[in-house]
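The values are calculated or read from the model by the stated rules, or taken from the named source; none is laboratory data. Everything quoted here is computed from the prediction, not taken from an experiment. Cβ placement follows ideal geometry from the backbone for every residue including glycine, while neighbour counts extend to all protein chains displayed.
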Amino acid sequence: MPKLLLLLFYCLISATCIAQTAPTFPDTPTITETSVGKAQVGMSVYKLRELYEGFTFTPTYTAAYGFDGGSNEADAILVSKAGQKLFVYFWDEAAKTVYGLIVLHPAYKTAAGIHVGSTSGQLKAAVPAVRVTSHHGVDNLEIASIDRGEYQPVSLSYAFLHKPMGISKKPNPLTPSRIAVLTAKIAWIIIKPH
(Lines give C-alpha, C1' and ligand atoms only; values in the text may rest on other atoms or scores of the structure.)
Protein backbone atom coordinates (compact mmCIF):
# COMPACT_ATOMS: atom_id res chain seq x y z
CA MET A 1 0.00 0.00 0.00
CA PRO A 2 2.76 2.54 0.83
CA LYS A 3 4.40 1.84 -2.56
CA LEU A 4 1.08 2.58 -4.27
CA LEU A 5 0.71 5.86 -2.37
CA LEU A 6 4.30 6.79 -3.19
CA LEU A 7 3.69 6.02 -6.87
CA LEU A 8 0.50 8.11 -6.84
CA PHE A 9 2.42 10.98 -5.20
CA TYR A 10 5.11 10.89 -7.93
CA CYS A 11 2.41 10.84 -10.64
CA LEU A 12 0.76 13.92 -9.14
CA ILE A 13 4.07 15.78 -8.97
CA SER A 14 4.93 14.81 -12.57
CA ALA A 15 1.52 15.92 -13.83
CA THR A 16 1.86 19.25 -12.02
CA CYS A 17 5.33 19.84 -13.49
CA ILE A 18 4.17 18.96 -17.00
CA ALA A 19 1.13 21.24 -16.67
CA GLN A 20 3.35 24.10 -15.50
CA THR A 21 5.79 23.75 -18.41
CA ALA A 22 3.17 23.38 -21.18
CA PRO A 23 3.15 26.53 -23.30
CA THR A 24 0.00 28.57 -23.13
CA PHE A 25 -1.61 30.30 -26.07
CA PRO A 26 -0.47 33.94 -25.91
CA ASP A 27 -3.76 35.58 -26.93
CA THR A 28 -7.53 35.46 -26.45
CA PRO A 29 -8.49 32.46 -28.65
CA THR A 30 -11.63 33.87 -30.27
CA ILE A 31 -12.72 34.98 -33.74
CA THR A 32 -15.69 37.29 -34.32
CA GLU A 33 -16.92 39.02 -37.47
CA THR A 34 -14.69 41.99 -36.60
CA SER A 35 -11.85 40.59 -34.49
CA VAL A 36 -9.28 37.91 -33.81
CA GLY A 37 -7.94 37.77 -30.29
CA LYS A 38 -7.56 41.34 -29.07
CA ALA A 39 -7.05 42.74 -32.58
CA GLN A 40 -10.09 44.43 -34.08
CA VAL A 41 -10.97 45.86 -37.48
CA GLY A 42 -11.18 49.64 -37.11
CA MET A 43 -8.74 49.95 -34.21
CA SER A 44 -5.67 52.08 -34.68
CA VAL A 45 -2.48 50.32 -35.74
CA TYR A 46 -0.77 51.93 -32.75
CA LYS A 47 -3.34 50.44 -30.32
CA LEU A 48 -2.89 46.99 -31.88
CA ARG A 49 0.88 47.19 -31.47
CA GLU A 50 0.41 48.35 -27.89
CA LEU A 51 -1.90 45.39 -27.12
CA TYR A 52 0.65 42.99 -28.61
CA GLU A 53 3.76 44.45 -27.03
CA GLY A 54 6.50 41.81 -26.90
CA PHE A 55 5.17 40.02 -29.99
CA THR A 56 7.04 39.89 -33.31
CA PHE A 57 5.81 42.05 -36.22
CA THR A 58 7.09 40.97 -39.64
CA PRO A 59 6.25 42.70 -42.95
CA THR A 60 4.44 40.41 -45.41
CA TYR A 61 2.21 40.53 -48.50
CA THR A 62 -1.58 40.17 -48.70
CA ALA A 63 -1.07 38.63 -52.16
CA ALA A 64 0.14 35.49 -50.37
CA TYR A 65 -3.39 35.18 -48.97
CA GLY A 66 -5.33 35.60 -52.21
CA PHE A 67 -5.61 39.39 -52.36
CA ASP A 68 -4.69 41.26 -55.50
CA GLY A 69 -1.27 42.67 -54.87
CA GLY A 70 0.44 44.92 -57.33
CA SER A 71 3.06 46.42 -55.07
CA ASN A 72 6.62 45.25 -54.53
CA GLU A 73 6.41 46.62 -50.99
CA ALA A 74 5.03 44.67 -48.05
CA ASP A 75 1.42 45.69 -47.44
CA ALA A 76 0.62 43.72 -44.28
CA ILE A 77 2.16 42.66 -40.98
CA LEU A 78 2.45 39.11 -39.62
CA VAL A 79 2.03 38.98 -35.83
CA SER A 80 3.73 36.04 -34.11
CA LYS A 81 4.89 34.99 -30.67
CA ALA A 82 7.56 32.43 -29.80
CA GLY A 83 7.58 31.14 -33.38
CA GLN A 84 3.77 30.77 -33.55
CA LYS A 85 2.25 32.61 -36.51
CA LEU A 86 -0.93 34.11 -35.07
CA PHE A 87 -2.48 36.49 -37.60
CA VAL A 88 -1.80 39.05 -40.30
CA TYR A 89 -3.24 42.55 -40.31
CA PHE A 90 -3.47 45.11 -43.09
CA TRP A 91 -4.45 48.73 -42.69
CA ASP A 92 -5.97 51.83 -44.17
CA GLU A 93 -2.90 53.95 -44.87
CA ALA A 94 -4.67 57.33 -44.54
CA ALA A 95 -6.47 56.58 -41.28
CA LYS A 96 -3.78 54.26 -39.83
CA THR A 97 -6.51 51.83 -38.75
CA VAL A 98 -6.75 48.07 -39.17
CA TYR A 99 -8.70 47.31 -42.34
CA GLY A 100 -8.62 43.52 -42.24
CA LEU A 101 -7.24 40.48 -40.43
CA ILE A 102 -6.13 37.05 -41.59
CA VAL A 103 -6.27 34.31 -38.94
CA LEU A 104 -3.45 31.77 -39.16
CA HIS A 105 -3.35 29.93 -35.82
CA PRO A 106 -5.80 27.06 -35.14
CA ALA A 107 -6.25 28.06 -31.47
CA TYR A 108 -8.48 30.96 -32.56
CA LYS A 109 -12.09 29.75 -32.91
CA THR A 110 -15.45 31.19 -33.90
CA ALA A 111 -18.48 30.81 -31.62
CA ALA A 112 -19.42 27.79 -33.77
CA GLY A 113 -16.00 26.20 -33.11
CA ILE A 114 -14.60 26.78 -36.62
CA HIS A 115 -10.85 27.36 -36.84
CA VAL A 116 -7.90 27.04 -39.19
CA GLY A 117 -7.72 23.30 -39.87
CA SER A 118 -11.48 22.70 -39.63
CA THR A 119 -12.79 20.77 -42.62
CA SER A 120 -15.16 22.11 -45.24
CA GLY A 121 -17.69 19.57 -43.94
CA GLN A 122 -17.44 20.99 -40.42
CA LEU A 123 -17.84 24.50 -41.81
CA LYS A 124 -20.87 23.48 -43.86
CA ALA A 125 -22.48 21.85 -40.79
CA ALA A 126 -21.75 24.84 -38.52
CA VAL A 127 -22.67 27.53 -41.08
CA PRO A 128 -25.22 25.99 -43.49
CA ALA A 129 -25.53 29.21 -45.54
CA VAL A 130 -21.83 29.20 -46.47
CA ARG A 131 -21.05 29.02 -50.19
CA VAL A 132 -17.94 28.89 -52.35
CA THR A 133 -17.94 32.52 -53.45
CA SER A 134 -14.58 33.03 -55.09
CA HIS A 135 -12.33 30.87 -57.26
CA HIS A 136 -8.66 31.72 -57.72
CA GLY A 137 -6.43 29.93 -60.20
CA VAL A 138 -3.31 30.52 -58.11
CA ASP A 139 -2.50 27.67 -55.72
CA ASN A 140 -6.01 26.22 -56.16
CA LEU A 141 -7.32 28.82 -53.71
CA GLU A 142 -11.07 28.94 -53.13
CA ILE A 143 -12.90 31.20 -50.71
CA ALA A 144 -16.11 30.29 -48.92
CA SER A 145 -18.34 32.80 -47.16
CA ILE A 146 -21.97 33.64 -46.59
CA ASP A 147 -23.29 35.28 -49.74
CA ARG A 148 -25.30 38.24 -48.49
CA GLY A 149 -25.85 39.84 -51.85
CA GLU A 150 -23.93 42.36 -53.89
CA TYR A 151 -24.24 45.30 -51.48
CA GLN A 152 -23.89 43.49 -48.16
CA PRO A 153 -20.45 43.29 -46.61
CA VAL A 154 -18.88 39.88 -46.07
CA SER A 155 -17.23 39.66 -42.67
CA LEU A 156 -15.78 36.17 -42.41
CA SER A 157 -14.34 34.25 -45.32
CA TYR A 158 -12.69 30.86 -45.21
CA ALA A 159 -9.75 30.10 -47.51
CA PHE A 160 -9.17 26.58 -48.84
CA LEU A 161 -6.19 25.45 -50.88
CA HIS A 162 -8.32 22.93 -52.74
CA LYS A 163 -10.13 22.98 -56.07
CA PRO A 164 -12.84 22.41 -57.09
CA MET A 165 -14.81 22.54 -53.84
CA GLY A 166 -18.25 23.68 -54.89
CA ILE A 167 -21.01 22.56 -57.17
CA SER A 168 -23.29 24.88 -59.07
CA LYS A 169 -26.21 24.34 -61.42
CA LYS A 170 -25.09 27.41 -63.36
CA PRO A 171 -21.99 27.29 -65.56
CA ASN A 172 -20.75 30.73 -64.46
CA PRO A 173 -17.71 30.25 -62.16
CA LEU A 174 -18.58 33.53 -60.39
CA THR A 175 -21.91 32.13 -59.15
CA PRO A 176 -21.74 31.12 -55.47
CA SER A 177 -22.04 27.36 -55.12
CA ARG A 178 -22.69 24.85 -52.37
CA ILE A 179 -19.71 23.13 -50.82
CA ALA A 180 -19.44 19.63 -52.29
CA VAL A 181 -16.03 18.50 -51.03
CA LEU A 182 -16.25 17.90 -47.28
CA THR A 183 -12.63 17.01 -46.52
CA ALA A 184 -10.80 20.21 -47.53
CA LYS A 185 -9.16 22.02 -44.61
CA ILE A 186 -9.39 25.73 -43.87
CA ALA A 187 -5.96 27.25 -44.56
CA TRP A 188 -6.77 30.68 -43.11
CA ILE A 189 -9.77 32.80 -42.12
CA ILE A 190 -10.22 36.35 -43.40
CA ILE A 191 -11.96 39.06 -41.38
CA LYS A 192 -12.80 41.99 -43.61
CA PRO A 193 -16.21 43.59 -43.04
CA HIS A 194 -15.81 46.44 -45.55
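Residues that are over 17 Å from Thr56 (Cβ atoms), in contact (Cβ under 8 Å) with a residue 40 or more places away in the chain and not small (Gly, Ala, Ser) were ranked within segment 82-102; the one that is surrounded by the fewest Cβ atoms within 10 Å (Cβ to Cβ) is Lys96.
Against the condition out of contact with any Pro (no Cβ under 9 Å at 6 or more places or on another chain) and modelled with pLDDT under 90, how does Ile18 come out, does it pass? Yes; evaluated as a whole, the condition is true for this residue. The residue that is nearest to the chain's Cα centre (by Cα), counting only those in segment 163-188 that are at pLDDT 65 or above and among the hydroxyl-bearing types (Ser, Thr, Tyr), is Thr183. Here Asp75 meets the list (1) at pLDDT below 95; (2) surrounded by 14 or more Cβ atoms within 10 Å (Cβ to Cβ); (3) within 22 Å of Ile186 (Cα to Cα) almost entirely, failing just condition (3). Please state which one of Phe57, Phe25 is touching a strand residue (DSSP E or B) at 6+ places or on another chain (Cβ under 9 Å), surrounded by 13 or more Cβ atoms within 10 Å (Cβ to Cβ), at pLDDT 85 or above and part of a strand (DSSP E or B). Of the residues listed, the single one that is touching a strand residue (DSSP E or B) at 6+ places or on another chain (Cβ under 9 Å), surrounded by 13 or more Cβ atoms within 10 Å (Cβ to Cβ), at pLDDT 85 or above and part of a strand (DSSP E or B) is Phe57.
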